[in-house]
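The values are calculated or read from the model by the stated rules, or taken from the named source; none is laboratory data. Only a predicted model underlies this, so the values are computations on that prediction, with no experimental measurement involved. Glycine gets a Cβ as well: all are built from the backbone with ideal geometry, and neighbour counts include every protein chain shown. All accessible areas refer to the heavy atoms of the entire protein, side chains included, with ligands and DNA or RNA removed. Shrake-Rupley method; radii C 1.70, N 1.55, O 1.52, S 1.80 Å.
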Protein chains: 2
Amino acid sequence: MESSNDGLLDAAFMALADPIRRSIIARLSHGSATVNDLAEPFAISKQAVSKHIQVLEQAQLVTRSRDAQRRPVHLNPERLEALTAWIGQYRLVREDQFRNLDAVLRSSAASRGRQTKDQS
Amino acid sequence: MESSNDGLLDAAFMALADPIRRSIIARLSHGSATVNDLAEPFAISKQAVSKHIQVLEQAQLVTRSRDAQRRPVHLNPERLEALTAWIGQYRLVREDQFRNLDAVLRSSAASRGRQTKDQS
DNA sequence: TTCTTATTCAACCAGTTAGTTGATCAACTA
DNA sequence: TAGTTGATCAACTAACTGGTTGAATAAGAA
């Protein structure tokens, strides 16, 4: 698990690490929109917004189509699911940790603060 | 919703947009570890790993404590939850979209490809 | 005290990102 | 045809990121 689609995870997390791009995602979540529409709320140039959209597109968080001169942008929810799936892995493990917590607390290793090499 | 903790979202997504840092999270998900432990699997210097950990710490994805010379790193699952919560917002909206999909398909606006300004 | 281990700080370099402006392309409209 | 709109390309700059090495700090161990 991991490593095959590392690049896509990189790209998706990176893409969302920007408030403008997250705002674009939010806007798209209730309907597709053109670059012009998406650029309108921001105080930056349309070229800059176009670049942001390219970043989202490379991360496959959005797709694009053609409508005359327009290039409507659409949300691709599958990639968002991939992120929750990645995070979800560690939520499950964490629950295991809680399940074992009292056992750990009783062990001498924990009391000596050597919880460093207790596995692998 | 949004904008108050924008900075934390920025930092968290950015922090996870790196395979080394994601790998550190994965490692921490089954137990705390020191910088030395965390650095071991990687072909980069310990200083570099230390910087990665600082990035994770600033994003509050991990916390640190003190054990003699060691500074053990611990996973902070709450921040991971915050990310799934953010993404989850748009999953919900998307389900609304699906719920309304047939209605949209019947409307004239959708057939003309003008799904651009159909709200706000 | 001196030595060793664990970690960080500081300065630096190479590559990348986010923004700019100006020109260009693509497709509709008069 | 010429003009307009929507979007991208190209070149550039400023700021940041990820890595390096070498020195410094903190805490045990001899």
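Residue pairs whose Cβ atoms lie under 6 Å apart, separated by 6 or more positions or on different chains, with the first residue in the stretch B:57-73 and within 12 Å of chain A (Cβ to nearest Cβ) and the second near DNA strand C (Cβ under 8 Å from one of its atoms) and not aliphatic (A, V, I, L, M), are B:Ser65/B:Pro72; B:Arg70/B:Thr34; B:Arg71/B:Arg64; B:Pro72/B:Thr34; B:Val73/B:Arg64.
From the list A:Ile25, A:Ile44, A:Ile20, the one residue that fits, being within 23 Å of B:Leu9 (Cβ to Cβ), near DNA strand C (Cβ under 9 Å from one of its atoms) and either facing another protein chain (nearest Cβ under 8 Å) or over 19 Å from the mean Cα position of the chain (by Cα) (or both), is A:Ile44. All of B:Arg94, B:Arg22 fail the test of being within 23 Å of A:Glu78 (Cβ to Cβ) and either assigned to a loop (DSSP other than H, G, I, E, B) or modelled with pLDDT of 95 or more (or both), apart from B:Arg22.
What's the total number of residues in the stretch A:67-78 that are farther than 14 Å from A:Ile53 by Cβ and away from DNA strand C (no atom under 16 Å from the Cβ)?
Here the count works out to 2.
Quick check on the stretch A:53-76: of everything there that is part of a helix (DSSP H, G or I) and open to solvent by 30 Å² or more (accessible area, probe 1.4 Å), which residue is farthest from A:Ala12 (Cα to Cα)? In this case the residue turns out to be A:Gln54.
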